[in-house]
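Note sheet for the following structure.
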Amino acid sequence: MIYVVQAGDTLGAIAKEFGVAVDALQEVNAISDPTRLQIGQKLVIPQRQVVPTITSTSISPIIAPDVYVVQAGDTLSAIAKQYGVTVEALQEANAISDPTRLQIGQKLIIPKGGTIAPTSTATTVVATPEGMVFVPAGEFIMGSPEGEGLDNEHPQRTVYLDAFYIGKYEVTNRQFSQFVDATGYTTDAETAGWGWAWTGEDWKEVEGVNWRHPQGPDSSIEGKMDHPIVQVSWNDANAYCQWAGVRLPTEAEWEKAARGTDGREYPWGNSAPDGSKLNYCDVNCELGWKDSSVDDGYTDTAPVGRYETGKSPYGAYDMAGNVWEWVADWYDADYYSKAPGRNPQGPDSGEKRVLRGGSWFGYKGDARCADRYGGVPDVRISYFGFRAAASPGSP
């Protein structure tokens, strides 16, 4: 859809009128200064949001048209042929009066109906869903080399993944609250009447523990709405994703989003963990493996996005530490020896689901990008959470 700017229009008002995000309008129209609209300017309106709006680190997928970035030597007719659209459609969608005067770096909206040819080498930029980061298609190194890591991380191999989105942040208490308010959903912990909690000496089944009371029946999430949701099982995480129109990432997607393509040990690189990069078992922790030389500032979970220097190559926060994150796959310790090299989805069945990333209660080895762990799908504890993912073009 194309909207022609009228006198008095603002980008915020246009976004509200069409039910889309201002950021999405800016990105698909390559607007650097949203305060300088011109009367008569044509704006491409991305498809409106298809899930309830979630404030604060929200995950609200917005599906927008493909955007092609003009390269040296490009012509409008060649781009049109590449994407299977007409030159006239490209001109109209982008308000191009002179098709012979393209500029290198110019962003062109590809109208609906165009498809990328299988042999395409085009540079494509897709409007990223709010609260997510984009991970492009391609190969990455998965697992640990022989002699390093744990047995279930071998063999190390090269894996190809299609492009995907993954949550910039772990799903928060605020977001999960909105899900429960909208649906009346009851978690596994609430149904059973208990969850696993630390008693000061051991982890035990404690009555009254659930996502609203994560550390004990007298604890609360008040003042922690931007902390990651915990005391959620895989079943609970999957239910949230179905409601939000997203999904859990596959194990391979999670690892690529965490480490990029260079095989780094941690999301930030190969340097050892410290309190500026992640939330793990430090001086505030009660376990024997605590790192007493570090104070990350939190006794349990930290607000999402707190550790700027610890984010992944794609801009995802807390891929190391804070909470273990459920992913879609069934867990198999030997899966890597038989997994496909292209878009692995995990075993067809199993008894446990995969968790990734380590937690506030874990030692620093858990924070390695290749570290993997399995949990029974209905288990819930105060250091299990999740983040969401989505595929380009999916509602």
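Quick one: which of Gly184, Gly143 is of a type in the set (Gly, Ala, Ser), touching a strand residue (DSSP E or B) at 6+ places or on another chain (Cβ under 9 Å) and over 19 Å from Tyr383 (Cα atoms)? First the steps, then the outcome.
Values: Gly184 fails: touching a strand residue (DSSP E or B) at 6+ places or on another chain (Cβ under 9 Å).
Within the list Gly184, Gly143, the selection yields Gly143.
Kindly indicate which of Gly393, Gly375 is buried (at least 16 other Cβ atoms within 10 Å of the Cβ) and touching a residue at least 40 places away in the same chain (Cβ under 8 Å). First the steps, then the outcome.
Values: Gly393 fails: buried (at least 16 other Cβ atoms within 10 Å of the Cβ).
After ruling out the rest, the residue left standing is Gly375.
List pairs: first in region 253-278 and touching a residue at least 24 places away in the same chain (Cβ under 8 Å), second part of a loop (DSSP other than H, G, I, E, B) and loosely packed, with under 14 Cβ neighbours inside 10 Å, Cβ under 7 Å, 6+ apart or cross-chain?
Arg264/Asn270
Read through the list (1) within 30 Å of Tyr335 (Cβ to Cβ); (2) over 20 Å from the mean Cα position of the chain (by Cα); (3) of a type in the set (Asp, Glu); (4) surrounded by fewer than 19 Cβ atoms within 10 Å (Cβ to Cβ), then give the number of the only condition that Glu201 fails.
Against the list (1) within 30 Å of Tyr335 (Cβ to Cβ); (2) over 20 Å from the mean Cα position of the chain (by Cα); (3) of a type in the set (Asp, Glu); (4) surrounded by fewer than 19 Cβ atoms within 10 Å (Cβ to Cβ), Glu201 comes up short only on (1).
Inspect all residues belonging to region 270-285 and state whether any of them is touching a Phe, Trp or Tyr at 6+ places or on another chain (Cβ under 9 Å) and either outside any loop (DSSP other than H, G, I, E, B) or outside the structural domain of Glu170 (by TED's automatic domain parsing) (or both).
For region 270-285, residues touching a Phe, Trp or Tyr at 6+ places or on another chain (Cβ under 9 Å) and either outside any loop (DSSP other than H, G, I, E, B) or outside the structural domain of Glu170 (by TED's automatic domain parsing) (or both): present.
If you scan region 214-238, which residues turn out to be without any contact (Cβ under 8 Å) to a residue 60 or more places away in the chain and in contact with a helix residue (DSSP H, G or I) (Cβ under 9 Å, 6 or more places away or on another chain)?
Ile221, the sole residue that qualifies.
Of Ala137, Ala163, Ala93, which residue is at pLDDT 75 or above and more than 27 Å from the chain's Cα centre (by Cα)?
Working: Ala137 fails: more than 27 Å from the chain's Cα centre (by Cα); Ala163 fails: more than 27 Å from the chain's Cα centre (by Cα).
Sole residue among the options that is at pLDDT 75 or above and more than 27 Å from the chain's Cα centre (by Cα): Ala93.
List, please: which pairs have Cβ atoms under 6 Å, are six or more places apart or on different chains, and start with a residue in region 133-158 that is acidic (Asp, Glu) and end with one that is at pLDDT 95 or above?
Between residues of region 133-158 that are acidic (Asp, Glu) and residues that are at pLDDT 95 or above, the close pairs are Glu139/Thr158; Glu139/Tyr160; Glu153/Gly143; Glu153/Ser144; Glu153/Ala370.
Filter region 338-372 down to the residues that are of a type in the set (Lys, Arg) and surrounded by fewer than 17 Cβ atoms within 10 Å (Cβ to Cβ), then identify the one that is farthest from Pro155 (Cα to Cα).
Restricting attention to region 338-372, the residues satisfying the condition of being of a type in the set (Lys, Arg) are 338, 342, 352-353, 356, 364, 368, 372.
Cutting the leftovers down to surrounded by fewer than 17 Cβ atoms within 10 Å (Cβ to Cβ) gives us 338, 342.
Details: Lys338: 10, Arg342: 15 Å.
Once the filter is applied, the top-ranked residue is Arg342.
Mind checking which residues of region 320-332 are touching a strand residue (DSSP E or B) at 6+ places or on another chain (Cβ under 8 Å) and part of a loop (DSSP other than H, G, I, E, B)? Steps first, answer last, please.
Restricting attention to region 320-332, the residues satisfying the condition of being touching a strand residue (DSSP E or B) at 6+ places or on another chain (Cβ under 8 Å) are 320, 322-331.
Answer for region 320-332, where residues must be touching a strand residue (DSSP E or B) at 6+ places or on another chain (Cβ under 8 Å) and part of a loop (DSSP other than H, G, I, E, B): Ala320, Asn322, Val323, Tyr331.
Does Ile45 fit the bill of being within 30 Å of Ala182 (Cβ to Cβ) and either modelled with pLDDT of 55 or more or surrounded by 13 or more Cβ atoms within 10 Å (Cβ to Cβ) (or both)?
Working: within 30 Å of Ala182 (Cβ to Cβ): yes; either modelled with pLDDT of 55 or more or surrounded by 13 or more Cβ atoms within 10 Å (Cβ to Cβ) (or both): yes.
In short, yes.
Across region 228-256, what is the number of residues that are touching a Lys or Arg at 6+ places or on another chain (Cβ under 9 Å), farther than 17 Å from Val180 by Cα and not aromatic (Phe, Trp, Tyr)?
The total comes to 4.
Matching residues to (1) more than 17 Å from Leu248 (Cβ to Cβ); (2) hydrophobic (A, V, I, L, M, F, W, C); (3) more than 14 Å from the chain's Cα centre (by Cα):
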residue: Val294; (1), (2), (3): yes, yes, yes
residue: Arg306; (1), (2), (3): yes, no, yes
residue: Gly321; (1), (2), (3): yes, no, yes
residue: Gln345; (1), (2), (3): no, no, yes
residue: Gly350; (1), (2), (3): no, no, yes
residue: Arg353; (1), (2), (3): no, no, yes
residue: Phe361; (1), (2), (3): yes, yes, yes
residue: Gly374; (1), (2), (3): no, no, yes
residue: Gly385; (1), (2), (3): no, no, no
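From the list Asp348, Asp366, which one is modelled with pLDDT under 95 and either under 30 Å from Thr199 (Cβ atoms) or part of a loop (DSSP other than H, G, I, E, B) (or both)? Let's see the steps before the verdict.
Working: Asp348 fails: modelled with pLDDT under 95.
From the options Asp348, Asp366, the qualifying one is Asp366.
The values are calculated or read from the model by the stated rules, or taken from the named source; none is laboratory data. Since we're looking at a predicted model, the values are computed, not measured. We place every Cβ from the backbone using ideal geometry, glycine too, and count neighbours over all the protein chains shown.
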